[in-house]
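These notes are about the structure you will find just below.
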Amino acid sequence: MFAGFSETDITPSLGMEQPGNYLKAYIDRIHDPLKVRAGVFDDGRKAVALVGVDTCVIPRRTVVEARRQIRERCGIPDHHVLIGASHTHAGGPLFGFFED
């Protein structure tokens, strides 16, 4: 079994729109850094990737595009990639109100 892990900082900049509110809100302070964290597990026959994103919601089209890029760059099939949002309301603007 092989395993690899990675993370990258996606903390939004001050002044960016803050998602998940009914009224416009903007990020005016940073409490903790926000991350994308990924783990890949490979038993020599199949590989799977688990990706956690510190954001409120991930639009389907973003997940589809991420899976496509993972498949092309790493050879991991789309259906072996799980991507989930932590549902923080402190993340940056990954989506608009009622988008797909």
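The values are calculated or read from the model by the stated rules, or taken from the named source; none is laboratory data. Remember, predicted model here, so these are calculated numbers, not experimental data. Every residue, glycine among them, receives a Cβ derived from its backbone with ideal geometry; neighbour counts consider all protein chains shown. Remember, those area values only see protein heavy atoms, side chains included, never the ligands or the DNA or RNA. Shrake-Rupley method; radii C 1.70, N 1.55, O 1.52, S 1.80 Å.
Just a few scattered comments:
- From the options Asp78, Asp43, residue that is acidic (Asp, Glu) and touching a strand residue (DSSP E or B) at 6+ places or on another chain (Cβ under 9 Å): Asp43
- In segment 16-27, the residues that are within 12 Å of His89 (Cβ to Cβ) reach residues that are in a loop (DSSP other than H, G, I, E, B) and open to solvent by 100 Å² or more (accessible area, probe 1.4 Å) with C-beta atoms within less than 9 angstrom, at least six apart or across chains, in these pairs: Glu17/Lys24; Gln18/Lys24; Gln18/Asp28; Pro19/Phe97; Gly20/His87; Tyr22/Phe97; Ile27/Leu14.
- Checking each residue in segment 4-31 for being touching an Asp or Glu at 6+ places or on another chain (Cβ under 9 Å) and not polar (S, T, N, Q) picks out Gly4, Ile10, Leu14, Gly15, Lys24, Ala25, Tyr26, Ile27.
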